[in-house]
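See structure below.
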Amino acid sequence: MNRSARILTAILVPVLVIALCGCAPEKKAKERRIAFVFKVDGLLYSEVCKRGAMQAAKELGVRVDYLAPDKAEVGKQIAIVEQLIAEKTDAIVISPNDADAIVPVIRKAMDAGVKVFTWDSDAPASQRIFYVAAADDVKIGEDIADALAKDIGEKGKVQIVSGGRGAANLNLHVQGMEKAFAKYPGITLVQPYIYNDDDNQKARTMAIAALQKDPDIVGFACANSPSAPAVGEAITSLNKIGAVKVWGLALPSETRQYLKSGAVSGLMLWDPAKLTYYTAKVVNAYLDGKQPEDGEQVEGIGAVSFSNGVLLIPGVTITKENVDEFDF
Amino acid sequence: MLGAVEAQALLPLAARRELPALSLLVVAVTTLLIVNPAFRTPDNLAVLAQDAGILGIMACGQALVIITAGIDLSVGSMLALSACVAGSLMMRGMPWLVASLCGLVAGVVAGLVNGSLITYRRLPPILVTLATLLLYRGLTNVATGAAPYNILPETFKMIGKGTAPLVMMVAVGGLIALMVARGRLGRHILAVGGSPLAARLSGVPPDAVLRRVYAISGLCAGIAGLLLAAANGNAQWNLADGWELDVIAATVIGGVRLTGGEGSILGAMFGAMIIVVLRNALFLLGVPVEQYGLVTGGVIVLAALTEQWRRRVESRQ
């Protein structure tokens, strides 16, 4: 929406509301409206999110809107939320661009009776009712490690691969991996870990060099997204498919061929469509007076966990069997 | 065929400027071959050849630019642009040779744009190529939607495998070195780098020379882009992000003078090999990644000091 359209809406909406109140017969029941506020418009990720929300809207028979600023700026999100308060939206679900700067407008919305939730990104200091997210960074690392451990028969040398040495979320993945691998006495971690700066070429050549340094490496646990396909390519060029297993976190579109050939065993990911679909459903249920439950089994998603206002859905495992279901 | 003629043309140069880099390379490689079994495995040597070839080709183009007292920061971005143009066309079914050619054209055009911006109103090369570093990378990101082009023909992928990139570097570097030593453009490049004013007075058109030099740098980045996409089996917008520093370091280690006027293509290739060999050695020896910079930085300082000392000795003679 461009600026003039927005101004026009801002003028017209109140005028229409007044006009309707004056002459229209009383509406039977106002249609429930849930508005999702994205970080920014135009990303493949947001498009996939929208699909999930759309599906939930159809199933629930409520109105679901998707609003996104043209730039990933919190100021533009605040303007959108102000507008939604004026429109007396039932619920706002937001992925804030700034966890702190969004706090006042969330308070304003809650005070005005609009229920506010966060999803995808949280604002922990705000009054939001709860936060819905995919499994956290440490848990994803644990899942990758557990899957790889199972794949290699719980024994042998494993190389952990990451991107930037200082990337906070990657370090959390690595932390999760270390925690999980510690459960398997048969597994030793090769030191030092590989840090490839998220560079495809370095990811590939460092994996090859690692296998020269330690020819008995049987598995790679990849914490950053360029690594799984790049290590898969390395394994392919060394004719070690099957002898060395690779698990990681990467986009299915970048890894499909290596999953198909067996060079990469699997990926741990969350499906943004499912995350948003579930968020719309659970927010709608809350508006009906139903609180989320810890440990509840949700069809097509698995067991969710709920504590301290944070609702987590488990990640999905992507292998050669189901990779074609994912189009991102 | 790189026969006796070229060897003769290069030999007097090699005896001076490239000597420190060559000695370091020979000592490092020999030592590693003896002490580190992982270093001498065929797979590791193949990776070294691949990496050194790709970096070396970019360093050849960069050396030419630096000899003209310029700099090209946009090489990594031009590499990704070329690779993505070629990769996207291949994925649309274009024969790989034609698609590769289109990728190279993209590199040359990107280089020409650099050269034109630099010669137009004499904008500083560091400013222009800093801008196009961001521009070309952004353009490639937006145009491809960050999508990977990773279903590439097997015959195309062969050009990036094993020692092919190193062979390509020798061919490209040899041609450029021959041009510098024997060709008219080579003489003009040295003249422009030495003194643009003197060059113009003696009838060398500096702007035309500069445009060609930046176009050659774009072409080199393009060739490297094709090899890198083939080696990775994937062309994507973020290829070679940040590699411009490695490329410039390679030329400096190879004895190219950053202020222009002097330098050697052969030295730039040695410099690229040194960077690749050192990084591989550090990895194989289990040195934590935080310490890599200490070694590469140290080598650059060493190269600068050696070059200064060499010049002092030379001027005394």
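List of remarks:
- Residues A:Glu321, A:Glu293, B:Glu154, B:Glu307, sorted by accessible area with the largest first, give A:Glu321, B:Glu154, A:Glu293, B:Glu307 [1.4 Å probe; ligands and nucleic acids excluded].
- For the range B:132-240, the spread of Cα positions along each principal axis, largest first, Å: 53, 32, 16
- A dipole drawn for the range A:137-269 from +1 and -1 charges on Cβ atoms has a positive end, and of A:Gly153, A:Gly163, A:Ser227 the residue lying farthest that way is A:Gly153.
- Estimated FRET transfer efficiency when R0 is 22 angstrom, pair B:Val105-B:Leu127 (beta carbons, to 0.05): 0.30
- At full extension, A:Arg63 and A:Asp288 could sit 79.5 nm farther apart than now, given 0.36 nm per residue minus the alpha carbon distance.
- With both labels modelled 7 Å from their Cα along Cα-to-Cβ, the B:Leu97 to A:Lys71 distance reads 4.9 nm.
- A 1.4 Å probe over all protein chains sorts B:Arg316, B:Arg310 by accessible area into B:Arg316, B:Arg310, starting with the largest.
- Pairs with C-alpha atoms separated by more than 27 Å, drawn from the list A:Lys150/A:Lys290; A:Lys202/A:Lys260; A:Lys183/A:Lys260; A:Lys50/A:Lys71, are A:Lys150/A:Lys290; A:Lys183/A:Lys260.
- Ratio Rg/Rh [Cα only; Rh per Kirkwood] for chain A: 1.06
- Each label was represented as a point 7 Å from its Cα along the Cα-to-Cβ direction; for A:Ala86 and B:Leu134 these points are 3.4 nm apart.
- Top of A:Pro69, A:Pro185, A:Pro104 by mean-square fluctuation, Gaussian network on chain A, Cα under 10 Å: A:Pro185
- Pairs beyond 26 Å (Cα-Cα), from A:Lys108/A:Lys281; A:Lys179/A:Lys245; A:Lys58/A:Lys320; A:Lys39/A:Lys88: A:Lys58/A:Lys320
- Accessible area ranking (1.4 Å probe, heavy atoms, ligands and nucleic acids excluded), largest first, for B:Cys84, B:Cys102: B:Cys102, B:Cys84.
- Dmax and Rg, reported as Rg then Dmax, of the range B:76-138 (C-alpha, Å): 13.3, 42
- Net charge in the neighbourhood of A:Ala99 (other residues with Cβ under 11 Å of its Cβ; Lys, Arg +1, Asp, Glu -1) is -2.
- Options A:Ile313, A:Pro272, A:Gln191, ranked by Cα towards positive dipole end of the range A:173-328, top entry (Cβ charges): A:Gln191
- Carbon/sulfur fraction of accessible area - the range B:59-209, other protein chains in place, 1.4 Å, %: 75 percent
- Gyration tensor (alpha-carbon) shape descriptor, chain B, a/c threshold 1.5: oblate
- Only helices reaching 20 angstrom along their own axis (Cα) with mean Kyte-Doolittle hydropathy no lower than -1.0 count here, and for the DSSP H runs of chain B these are B:19-35, B:42-67, B:75-91, B:96-119, B:125-144, B:164-182, B:206-232, B:265-284, B:292-316.
- Estimated at 0.36 nm per residue, the fully extended path between A:Gln297 and A:Ser261 surpasses their Cα-Cα distance by 9.6 nm.
- Assuming charge only on the beta carbon of Lys and Arg (+1) and of Asp and Glu (-1), the dipole of the range B:43-166 about its Cα centre is about 340 debye to the nearest 20.
- Share of pairwise Cα-Cα distances greater than 27 Å in the range A:137-269 is 6 percent (whole percent).
- Cα-centred dipole magnitude for chain A, charges only on beta-carbon of K, R (+1) and D, E (-1), debye, nearest 20: 440 debye
- Using the Cβ of A:Trp247 as centre and a radius below 14 Å, the other residues enclosed give a net charge of -2, where K and R count +1 and D and E count -1.
- In Å², nearest 10: area of B:Arg257 left accessible to a 1.4 Å probe: 80 Å²
- Rounded FRET efficiency, nearest 0.05, which uses the C-beta distance separating A:Leu189 from B:Tyr292 and R0 of 30 Å: 0.90
- As a ratio to 2.2 N^0.38 Å, the alpha-carbon radius of gyration for the protein assembly as shown is 1.12.
- Other residues whose C-beta falls under 9 angstrom from the C-beta of B:Ala230 contribute a net charge of +2, scoring Lys and Arg +1 and Asp and Glu -1.
- Student exercise, chain B dipole from Lys, Arg, Asp, Glu Cβ charges, in Debye to nearest 20: 820 debye
- The label-point distance for A:Ala182 and A:Tyr45, in a model that sets each label 7 Å from Cα toward Cβ, rounds to 2.9 nm.
- Rounded accessible area per residue of chain B, 1.4 Å, Å²: 43 Å²
- In the context of the full protein assembly, A:Asp143 retains an accessible surface of approximately 30 Å², using a probe radius of 1.4 Å and ignoring ligands and nucleic acids.
- When the accessible areas of A alone and B alone are added and the area of the pair subtracted, with a 1.4 Å probe, the result is around 2200 Å², both sides summed.
- Selection from B:Ile67, B:Leu55, B:Ser82, by position along the positive dipole direction of chain B (Cβ): B:Ile67
- Of B:Gly261, B:Gly111, B:Gly183, the residue with the greatest mean-square motion in the GNM of chain B, using alpha carbon springs below 10 Å, is B:Gly183.
- Helix-only [θ]222 nm of chain B, DSSP H runs n ≥ 4, -39500 (n - 2.57) each, per residue, nearest 500: -25000 deg cm²/dmol
The values are calculated or read from the model by the stated rules, or taken from the named source; none is laboratory data. Worth saying up front: this structure is predicted, and the values here are computed from it rather than measured. Counting neighbours? That spans all protein chains shown, and the Cβs are built from the backbone with ideal geometry, glycine included. To get the accessible areas, we keep the full protein, side chains included, count just its heavy atoms, and leave off ligands, DNA and RNA. Shrake-Rupley method; radii C 1.70, N 1.55, O 1.52, S 1.80 Å.
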